[in-house]
Amino acid sequence: MRQTITCLDDLQRLARRRVPRLFYDYVDSGSWTQATYRENSEDLARLHFRQRVGCNVEHITTRTTILGQPVSLPLILAPTGLTGMVYPDGELLAARAAAAAGVPYTLSTVSISSIEAVAAECAKPFWFQLYMMKDRGFIADLIARADAAGCSALVLTLDLPIQGQRHKDIRNGLSVPPALTLRGMMSMLMHPRWCLGMLQTPRRTFGNIVGHANGVTDTLGFAEWVSRQFDRSFCWEDIAWVKQRWRGKLVIKGIMDSADAGQAFAAGADAIVVSNHGGRQLDGAPSTISVLPAITESVGGAGEIIMDSGIRSGQDIVRALAMGADSVMIGRAFLYGLGALGEAGVTLCLDLLRKEMESTMALCGVTRIDALSPQHIVDYPWPLTAGHAAARRFQPPALQPIAEAPHR
């Protein structure tokens, strides 16, 4: 029986059936107790909308710009490692779907498809994500490769000086390519469609690293290399080294503190990503939506603010924009679509998000995303800064019209 897809939860259930467990669990897990992973979505759901009626919402648009690039939705496909193991050639398919939908795609350093492979497949510029590692020669080469491929932004991830422990990955014995253990073999054999697709593609290892990094000629070498490469000494002054080599837009990802947000813009970032790595790094950290208002208020106007972690619907996007974000990143959301239906699933994910955004905006009496502000949310579980609190101009029972002004 054909399954009717109405929301991202449906795509997630289908992905769970079609993706081998070790790779599905890699996507759908957080570190340690997974408390932060859960709270990212739960705290978004706690924000209630201010419903309005009698507003002319005939012409609604979700279009905007991100770093000067026109987009159809205020979102970017986040950098996600091992995307090509969730679905064969996953990075290529996701990049194509994003380009067709008119939103940016971000390729991870630890992707299965290489920068060059994605550039050859995707007619539009994409973003590239960079981890800072001790081998600066290799990092300089990655930056040069991203520049040669025409990448329009570099996303520098700072919240991984050490990898958070994810219990599911350890129990599953996650490796690339999958280890030939009985448990791993059984998991893959239960998914013949996935196995057939992997047999038909040559891309089954880390395309940006194996054969490029010094001494990394196979996946075993990659594992050993990574274990000693994350640079714990990296600090704000080192961003100048990156900017000397990168001519395009710079985005700094992993910001969860107002002071760090200010440091990022002072170091030359064009945008920051408010992110706790989807709850995959510091378990016990607050949700991203709970720290977003304070960060927005502290650096308002310094550059663009992107919120990541926990977005599971178009309503969540509206919530993030109302609380101060200029745009959002989605990771698990598009991976559920990819795992379920390949490129068509990513396209469907983006279409669902757009429709949910439009419906929510209409019922809140809003036609443009730059009109969203905290006054479209009726209650807040966390204290707001003075600037955000001032936006709450509720005057019941005679409600005043909401002025459609930029949310910042």
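The values are calculated or read from the model by the stated rules, or taken from the named source; none is laboratory data. All values reported here derive from a predicted model rather than from experimental measurement. A quick note on method: Cβ atoms are made from the backbone with ideal geometry, for glycine too, and the neighbour counts reach across all protein chains shown. Only protein heavy atoms, including side chains, enter the accessible area calculation; ligands, DNA and RNA are left aside. Shrake-Rupley method; radii C 1.70, N 1.55, O 1.52, S 1.80 Å.
Quick notes on this one:
- Residue under evaluation residue 87, criteria (1) in contact with a strand residue (DSSP E or B) (Cβ under 8 Å, 6 or more places away or on another chain); (2) open to solvent by 40 Å² or more (accessible area, probe 1.4 Å); (3) among the hydroxyl-bearing types (Ser, Thr, Tyr), criterion not met: (1)
- When we screen 41, 31 for residues that are open to solvent by less than 40 Å² (accessible area, probe 1.4 Å) and closer than 21 Å to residue 174 by Cβ, the only hit is 31.
- Test: residue in segment 106-121 that is under 30 Å from residue 236 (Cβ atoms) and surrounded by fewer than 21 Cβ atoms within 10 Å (Cβ to Cβ): yes
Listed here are the residues, each with its yes/no results for (1) in a helix (DSSP H, G or I); (2) at pLDDT 95 or above; (3) of a type outside the set (Gly, Ala, Ser).
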residue: 317; (1), (2), (3): yes, yes, yes
residue: 344; (1), (2), (3): yes, yes, no
residue: 360; (1), (2), (3): yes, yes, yes
residue: 384; (1), (2), (3): no, no, yes
residue: 398; (1), (2), (3): no, no, no
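- Flag for residue 199 being closer than 30 Å to residue 341 by Cα and modelled with pLDDT of 85 or more: yes
- The set of residues from segment 305-315 being within 22 Å of residue 367 (Cβ to Cβ) and either in a loop (DSSP other than H, G, I, E, B) or among the charged types (D, E, K, R) (or both) comprises 311, 313.
- Search result, residues across segment 256-280 that are touching a Ser or Thr at 6+ places or on another chain (Cβ under 7 Å) and open to solvent by less than 20 Å² (accessible area, probe 1.4 Å): 261, 274, 275, 276, 278, 279
Residue-wise test of (1) touching a strand residue (DSSP E or B) at 6+ places or on another chain (Cβ under 8 Å); (2) polar (S, T, N, Q); (3) at pLDDT 95 or above.
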| position | (1), (2), (3) |
| --- | --- |
| 35 | no, no, yes |
| 40 | no, yes, yes |
| 49 | yes, no, yes |
| 52 | no, no, yes |
| 58 | no, no, yes |
| 66 | yes, no, yes |
| 74 | yes, no, yes |
| 82 | no, no, no |
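- Filtering segment 131-157 to residues that are within 19 Å of the chain's Cα centre (by Cα), over 19 Å from residue 96 (Cβ atoms) and surrounded by fewer than 21 Cβ atoms within 10 Å (Cβ to Cβ) leaves only 157.
- Of 301, 337, 324, 284, all but one fail to be on the phi > 0 side of the Ramachandran plot and crowded, with 24+ Cβ neighbours inside 10 Å; the exception is 324.
- Sub-8 Å Cβ pairs linking a first residue in segment 94-117 that is among the aromatic types (Phe, Trp, Tyr) to a second residue that is in a strand (DSSP E or B) and open to solvent by less than 10 Å² (accessible area, probe 1.4 Å), at least 6 apart or interchain, are 105/76; 105/77; 105/127, ordered by first then second residue.
- Elements of type helices (runs of 4 or more DSSP H) in segment 1-114, at least 2 residues being among the small types (Gly, Ala, Ser) and within 30 Å of residue 286 (Cβ to Cβ): 35-45, 90-101
- Unmet requirement for residue 295, which otherwise passes all of (1) open to solvent by less than 30 Å² (accessible area, probe 1.4 Å); (2) in a loop (DSSP other than H, G, I, E, B); (3) on the phi < 0 side of the Ramachandran plot: (2)
- Segment 293-333, subset out of contact with any strand residue (DSSP E or B) (no Cβ under 8 Å at 6 or more places or on another chain) and among the basic types (Lys, Arg), residue nearest to residue 79 (Cα to Cα): 332
- Scanning segment 113-138 for residues being closer than 14 Å to residue 241 by Cβ and modelled with pLDDT of 95 or more gives a total of 1.
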